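So the structure is just underneath, and the comments pick up after that.
The values are calculated or read from the model by the stated rules, or taken from the named source; none is laboratory data. Keep in mind that this is a model prediction, so the values were computed, not measured. Methodologically, a virtual Cβ is constructed for each residue, glycine included, from the backbone with ideal geometry; neighbour enumeration extends over all protein chains shown. Calculation scope for accessible area: heavy atoms of the full protein, side chains included, ligands and nucleic acids excluded. Shrake-Rupley method; radii C 1.70, N 1.55, O 1.52, S 1.80 Å.
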Amino acid sequence: MRKIDLNNFQVATSETVRDINSRIMLNLVRKHQPVSRADLTRYSGLQRSTVSAIAERLIAERWLREGAVGNLPRGRKPTFLHLNTERCGVVGVDIQPATTTLAVSGMDSQFLAQESMSTEKDPVEFIARLSRRIKDLIRAHPRNSYEGVGISLPGRIDSSSKRLIFAPTLGWSELDLKTQLETNIGLPVELENTANACALAELWSGRYTDGVRNLVAVTVSDDIGVGMIMNGQLVRGSTGVAGEFGHVTQLPDGPKCRCGNSGCWEVLASNSAAVRYYTESASVRKGEVGSKSDMAKLPFGDILRLVEQGDVRACKALNQMAHHLGAGIAMLVTGLAPDVLVVVGEVTRAWDKVGPIVAETVKRRSFTHAVTRILPTNPEAQPRLRGTIALVLQNHFGAPLIA
């Protein structure tokens, strides 16, 4: 049961019923298209006249379009319905410490164009440049309208003010990114933590989500983020900072973390942790080619390439990272018991090696009866960027908040 908050509620009206049924219809069309009105009646359980009325309204509002006419041996021939992907565009922006990726999508979440830019350390300069790039991208790909801009970044957003609280890997804090961008580009901006955006992307993708109401996304890069969807709702906590499991201490006498604590999950199981493990195993002396100071700058992708080549030290470093990754995932499985836990990041490219270690560690450390599917995402599917599109589209396809 979800308790009604008597200090913050929205009463149901006749418009509420229409809004809920319209969203149900949009999602049914999205899932089953091309689909007839008769099929929508069967899927929804609504009366045929109600389905027809909703469909006509959504066609008039250009959310749906009519397509081909079906052939039946007898009776009225059905006209199939589709989402009108031309109705509006969405801009997605994935901000990462080195590179920011921009994309334009239609209502079907298919990317129409992508481009990248460097991520400046100065947030004021970055916002000005990003605003120009978004406007240029919109001009280069004109649509009837643009619904908004979705942005993911490795930081936490205050749930009430929508201001960025902190983004350690970017070096930003206390920044009103949303208002400044909305003023510059004239479109609504949805801002979200990267891990939360990835969780939404997985829920939106439909790959694992039939009957799934509890999903956790673990993003692994130079930090570790956790996005949680519990009982179908994104969990943000009282101030929007829920999910900082990356800074839960796992090894009290472990390496120092940038948060000030020691032995955090992030400092043991992130990409930079694997690089550190590899560097610490080096035998060359300081100043020589390939010294530890040189290797500390080694990209994680190079570790994965060395693993593919059978490099013993690289394999050992990846295995060590995998054990710590599994230990943290065991904590999530034990504490949250999600239906699905997805891992996002470059590490999934080596999941044939990492996955079995994670699974064995979770089995050994988690003592609950939770049956959680632990799955890697496909990096080529760009879950972070897909999540930015879902941030905007959920305003029309997500369940409305009432009571």
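Altogether, the Stokes-Einstein calculation at 10 °C and 1.306 mPa s, with the Kirkwood radius of the range 325-378 over Cα pairs as Rh, returns a diffusion coefficient of 143 µm²/s.
Run the numbers for residue 121 and residue 108: contour at 0.36 nm per residue of separation, minus the present Cα-Cα distance, in nm. Present the calculation step by step, with values, prior to reporting the outcome.
Numbers: separation 13, 0.36 × 13 = 4.68 nm, distance 3.36 nm.
In short, 1.3 nm is gained.
Stretching the chain fully between residue 18 and residue 38 yields a gain of 5.3 nm (0.36 nm per residue, less the alpha carbon separation).
Extension gain for residue 353-residue 302 works out to 16.8 nm (0.36 nm per residue, less the C-alpha to C-alpha distance).
Rounded to the nearest 20 debye, the dipole magnitude of the chain is 980 debye, with +1 charges on Lys and Arg beta carbons, -1 on Asp and Glu beta carbons, and the Cα centre as origin. Using a simple spin-label model with pseudo-atoms 7 Å out from Cα toward Cβ, residue 239 and residue 272 lie 2.3 nm apart. Put a dot 7 Å past the Cα of residue 76, heading toward its Cβ, do the same for residue 179, and the two dots end up 5.3 nm apart. For residue 262, enumerate residues with amide H under 5 Å from its amide H, sequence gap 5+ or separate chain, H modeled in the peptide plane. Here the answer is 257, since their amide H atoms fall under 5 Å of that of residue 262. When every Cα-Cα distance of the range 3-128 is counted in 10 angstrom steps from zero, the calculated P(r) takes the values 11, 29, 22, 21, 13, 4, 1 percent.
Taking the DSSP beta bridges with both ends in the range 114-222, the antiparallel portion is around 50 percent. Annotation: amide H-H contacts under 5 Å for residue 112 (H modelled 1.01 Å from N, sequence separation of 5 or more, or interchain): 104, 105, 106. All Cα-Cα separations within the range 112-158 were binned at 5 Å from zero, giving a P(r) of 4, 15, 26, 26, 16, 10, 3, each value a whole percent of the pairs. Average accessible surface for the chain: 49 Å² per residue, computed with a 1.4 Å probe over protein heavy atoms with every protein chain in place. Evaluated with a Cβ-only charge set (Lys, Arg +1; Asp, Glu -1), the range 36-152 carries a dipole of roughly 700 debye about its Cα centre, given to the nearest 20.
As a calculated quantity, the FRET efficiency between residue 129 and residue 50 at R0 = 51 Å, using C-beta atoms, amounts to about 0.55.
Between the listed residues 255, 194, 79, the Cα displaced farthest toward the positive end of the dipole of the chain, a dipole computed from Cβ unit charges relative to the Cα centre, is found at 79.
Annotation for the range 133-195 versus the range 323-383: alpha-carbon center distance of 30 Å. Carbon-plus-sulfur fraction of the accessible area of the chain, 1.4 Å probe, in percent? Whole-percent figure for carbon plus sulfur exposure: 52. Cβ-Cβ distance of residue 230 and residue 369, R₀ of 22 Å, FRET efficiency by 1/(1 + (r/R0)^6): the value works out to about 0.75.
Shown for the chain are the DSSP H helices of 24 Å or more along their axis, judged by Cα atoms, with a mean Kyte-Doolittle hydropathy of at least 0.0: 123-140, 312-336.
Any idea what diffusion coefficient the chain gets from Stokes-Einstein, in µm²/s, Kirkwood Rh on alpha carbon pairs, 4 °C, 1.567 mPa s? Here the translational diffusion coefficient equals 56 µm²/s. Counting only DSSP beta bridges whose two residues both lie in the chain, roughly 60 percent are antiparallel. Placing unit charges on each Cβ (+1 for Lys and Arg, -1 for Asp and Glu) gives the chain a dipole about its Cα centre, and among 298, 59, 375 the Cα reaching farthest toward its positive end belongs to 59. Projecting label points 7 angstrom from Cα along Cα→Cβ for residue 145 and residue 160 puts them 3.2 nm apart.
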